[in-house]
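Written below as structure tokens is the structure these notes are about.
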Amino acid sequence: MIANQRVLAVVPARSGSKGIQDKNLQQLGGYSLIARAARLLRSPECAWIDRAIISTDAPAYAAEAEAHGLAAPFLRPPELSTDTAGAVETLVHALRAAEQHDSVRYDIVLIVEPTCPFRRAEDVTGAAKLLTESGADSVVTVSRVDTKFHPHKVLVLDEGRLDFYDPAGAAVKQRQSLRPLYFRNGACYALARACLLERQVIFTENTRGLLVERELVNIDESLDLEFARFLADVKGW
């Protein structure tokens, strides 16, 4: 528990990835992506988490999760196992199924995606603490957007003519003048129960961001996986 609130951590791992076959079973530093998420959640630094489960449609994924300390009390129904299934609907199902199976009520739900393998316990703990201490509906871990990809630096091609995506970009003289922007890095989402079940959203007007100021990789394509393997080999992550 944290701040007298019971915590459920969910590792969402649908099979059938189109970018990388069996993506969540891919090996990185000697462990699968599922195993890396499981080992972190079951580490002593995350002992405050009351229950850690996998939400998957694949028996092989469930078996891999259980081998590394995650519970697999259910498999997702078919309607939540396609690439069009919504994240919120999947999490609502996971929370309700876990509560029915465990006969307990969870106050906080953590989303810990296998595709962000270099997260640390401090990211997960920080998200949960910020949620409880701030009274937020949800907390999302974020990283800074490189100024090269800032909307005021992005260009468009219109019949061969190059122009600024945002006309305000023409006035930018120094990158230091650009407003800092952030993107979701997938390390952790922390949601209050009401945010998920009653509002059924992740972002509200009372969502807080937890900035992670170090290198992370979010694995979507084969190049992302190769880069992550490079970092794991070179830096021992």
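Regarding Ser55, is this residue crowded, with 20+ Cβ neighbours inside 10 Å, modelled with pLDDT of 95 or more and more than 24 Å from Ser143 (Cα to Cα)?
Answer is yes for this residue.
Could you grab me the full set of residues in the range 58-73 that are surrounded by 17 or more Cβ atoms within 10 Å (Cβ to Cβ) and either modelled with pLDDT under 95 or farther than 20 Å from Val109 by Cβ (or both)?
Within the range 58-73, Ala58, Glu64, His68 qualify.
Would you pick out the residues in the range 14-71 that are among the acidic types (Asp, Glu), touching a residue at least 24 places away in the same chain (Cβ under 8 Å) and not in a loop (DSSP other than H, G, I, E, B)?
The answer is Glu45, Glu64.
Taking the range 1-23 only, how many residues are under 27 Å from Ala192 (Cβ atoms) and under 18 Å from the mean Cα position of the chain (by Cα)?
Counting residues in the range 1-23 that are under 27 Å from Ala192 (Cβ atoms) and under 18 Å from the mean Cα position of the chain (by Cα) gives 8.
Tell me whether the range 100-111 contains one or more residues that are more than 14 Å from Leu191 (Cβ to Cβ), surrounded by fewer than 20 Cβ atoms within 10 Å (Cβ to Cβ) and either touching a residue at least 60 places away in the same chain (Cβ under 8 Å) or of a type in the set (Val, Ile, Thr) (or both).
Yes, that holds for at least one residue.
Being among the β-branched types (Val, Ile, Thr) and crowded, with 21+ Cβ neighbours inside 10 Å narrows it down to one residue among Thr141, Thr132; which is it?
From the options Thr141, Thr132, the qualifying one is Thr141.
Looking only at the range 195-212, decide whether some residue is in contact with a Lys or Arg (Cβ under 7 Å, 6 or more places away or on another chain), surrounded by 13 or more Cβ atoms within 10 Å (Cβ to Cβ), within 19 Å of Gly86 (Cα to Cα) and at pLDDT 95 or above.
no
So which residues in the range 1-13 are crowded, with 20+ Cβ neighbours inside 10 Å and assigned to a strand (DSSP E or B), if there are any at all?
Val7, Leu8, Ala9, Val10, Val11, Pro12
The values are calculated or read from the model by the stated rules, or taken from the named source; none is laboratory data. Quick caveat: nothing in here was measured; it's all calculated off a predicted structure. Neighbour counts run over all protein chains shown; Cβ positions are idealised from the backbone, glycine included.
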